[in-house]
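Please read the structure below before turning to the comments.
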Amino acid sequence: MHKLDFDFRKEFFEDIVKSKLGYTPWIVAAPSHMANGLFREIVGGYCNNEVQHRVVNAKTKPVPDVNDHRFYKKYIELSKQQKTALKFMQDNSAQRQILSQTFRADKTVFTGVGTSSYTLSHAQHTTNDNHDRDFGRWLTHVLQQGEKRPAYKLLYSLLTQGVTRSADVPPMSDALSLMTLPLMQWDIEPKQRKYDYDLPANLTYTTSGSFISPLITAIRIAFDRLAENDHDSAMRNGKLDALRRMTTLACFSFYLHLINIGEPPSRKLPLLLYLERNSRTIKRSSQESYRLVRQSTDRFLYNEIRDKVVELDAHGQFGRWDNQFDIQRHIQETINWHRAKLKVDCQTFYDGYRTTTNNEIDAIAHTFTDMVGMAFSETPATVARALGVKIGLLTRGDRRENKAYELHPDLLEVLVRATIPVGEEPWSIQKLALYWYDQFGILFGGLGDENQKLAEWEIAPIDVNELKRNEQSLAQQLELSGYAQSYADGVVLVSVKR
């Protein structure tokens, strides 16, 4: 490796997160991106249906002109059905607008089909857009583990529904797939994304086949319980609702896993829900719990980057990394920054950290951690924040560092259905509170020792009366959604409606 072949982005971020996490969180993703990445891996490939894309993309004409050299040759080879469908959509702008707006709901459709993600309901809708940065592949490995794979099996069945009934392929049962049926190409096999993917360190199993990580185990259990609760309705006429819930849970799982990357396996960051809007102390403490996210992700990056620097120093790569002279040489000459300003910024950060520590490796590790935020458009913390806002887990109106945790009704529904097993008696609100804290780190009241748990993270205590009202707010939301029943003695029982 020669000087300037040592790429900062690759060596001190991309390679680290690929090997440790299995995905690369440096670009903001929408729910449709996460769905596309997950569903593509579930069905084993992507279609990149350009016929469909011509209709969905509002900036193109469905039927190409002769001068449209790129697509016109493909158009000639299309089936009569597809040509008729494109002509119909070109002549009927209202119908095309309905389909286009439905598929572009997350504003993730661009000029090329390979860089677009849709509001999808079938394998034929998948593309090779990699905005999820391999999270879908990571999550598919989680869902595939073991013999009983209810979530994986349900998703595969729904996404490969056919036109005719058979024992293996259920009939197509959703309006979105039927709307695009004339645009589909049934004789084309899904394409495989050709690149190496090594399983990350976090996807390790015990001898019995269960995950070593308690958090990944919690994610897998949540998906399987959601699938078991949704199976019957999904196979009748609730396919779109089932896919929507699976997508929401995928986004929540991404957030949950990403924010805890800097924590030991035995504990999870607290997610204190701010549900009672007049609760001043809950809002303050919820914001404090959110601020732990950046500390966790930065701690992960710092520890991994420091280990990398120690390894480089031990191997003598490019010389030493434990003294000021060599480190400054690496900043100025060894590392390929791609932009001159990053070199200047790195030197400035390094000079600053040298005034606060006598350890040169610590100083450069802190410096490189800060430089990740400069070298990439987003950091793990900002990627998590953006997706948290989109799924209704984080408040929208507050400033970036003043977000608080909430639960949009759609997300609340998903978490309840991903919590209570099929066939169980209704849960008390206290049992729900204990399970959510143990599995996800969610706090809302109902435990009685919330302030002790928050004190472990140096979060200010909450007024006990506000906490009680917060718990009552959640109970009211559950009751309005049809997932809880309140009784005269004050008992609230939570169950999954079927």
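Things worth noting here:
- Above-threshold pairs, the threshold being 27 Å between Cα atoms, out of Lys83/Lys191; Lys10/Lys453; Lys83/Lys194: Lys10/Lys453; Lys83/Lys194
- Between the beta carbons of Arg277 and Thr102, assuming R0 = 35 Å, the FRET efficiency works out to 0.60 to the nearest 0.05.
- Packing around the peptides 355-365, 265-275, 483-493, taken as the average count of other Cβ atoms within 10 Å per residue, puts them in this order, highest first: 265-275, 355-365, 483-493.
- Distribution of pairwise C-alpha distances over the stretch 307-412, 10 Å bins, in %: 13, 34, 22, 17, 12, 2
- Evaluated over the stretch 218-355, the Cα radius of gyration and Dmax, each in Å: 22.9, 69
- Shape category assigned to the chain from the gyration tensor of Cα positions, a/c cut at 1.5: oblate
- Rolling a 1.4 Å probe over the protein heavy atoms gives the stretch 226-356 an accessible area of 44 Å² per residue.
- For a label point 7 Å along the Cα-to-beta-carbon line of Asp65, residues of the stretch 79-111 with backbone N under 18 Å: 87, 90-91
- Solvent-accessible surface of the stretch 372-425, taken per residue with a 1.4 Å probe and all protein chains present: 38 Å².
- Taking a point 7 Å from the Cα of Asp187 along the Cα-to-Cβ direction, the residues of the stretch 56-76 with backbone N closer than 16 Å to it are 74-76.
- The distance between label points at Val422 and Tyr487 comes to 2.7 nm (points 7 Å beyond Cα on the Cα→Cβ vector).
- Taking the chain and dividing mean pair separation by its residue count, relative contact order in percent (alpha carbons under 8 Å, at least six apart): 19 percent
- Computed from the Cβ-Cβ distance with R0 of 51 Å, the FRET efficiency linking Ala460 to Thr111 stands at 0.55.
- The chain, accessible surface, carbon-and-sulfur percent (1.4 angstrom probe): 50 percent
- Distance (nanometres) between label positions extended 7 Å along Cα→Cβ at Lys341 and Asp438: 5.1 nm
- Cross-link reach is defined here as a Cα-Cα straight distance under 23 Å, omitting same-chain residues fewer than 8 places apart; for Lys80 the lysines meeting it are Lys61.
- Between Met374 and Gln144, the contour length at 0.36 nm per residue exceeds the alpha carbon distance by 79.1 nm.
- Protein-only accessible surface order, largest first, of His257, His141 at 1.4 Å: His141, His257
- Computed [θ] at 222 nm, helices only, for the chain once each DSSP H run of length n ≥ 4 contributes -39500 (n - 2.57): -16000 deg cm²/dmol
- Linear extension gain, Asp241 paired with Thr217, 0.36 nm per residue minus alpha-carbon span: 6.2 nm
- Residue-normalised accessible area of the stretch 1-130, given per residue in Å² at a 1.4 Å probe: 44 Å²
- Site pair Val389 and Phe325 shows an inter-label distance of 4.9 nm when each label is modelled 7 Å from Cα along Cα→Cβ.
- Projecting the Cα positions of Tyr72, Trp26, Thr84 onto the charge dipole of the stretch 1-111 (unit charges on Cβ atoms of Lys, Arg, Asp and Glu, taken about the Cα centre) puts Thr84 furthest along the positive direction.
The values are calculated or read from the model by the stated rules, or taken from the named source; none is laboratory data. Here the structure is a predicted model, which is why all the values come from computation and not from measurement. Using ideal geometry, Cβ is built from the backbone for each residue, glycine included, and neighbour counts are taken over all protein chains shown. Keep in mind that these areas ignore ligands, DNA and RNA; they rest on the heavy atoms of the full protein, side chains included. Shrake-Rupley method; radii C 1.70, N 1.55, O 1.52, S 1.80 Å.
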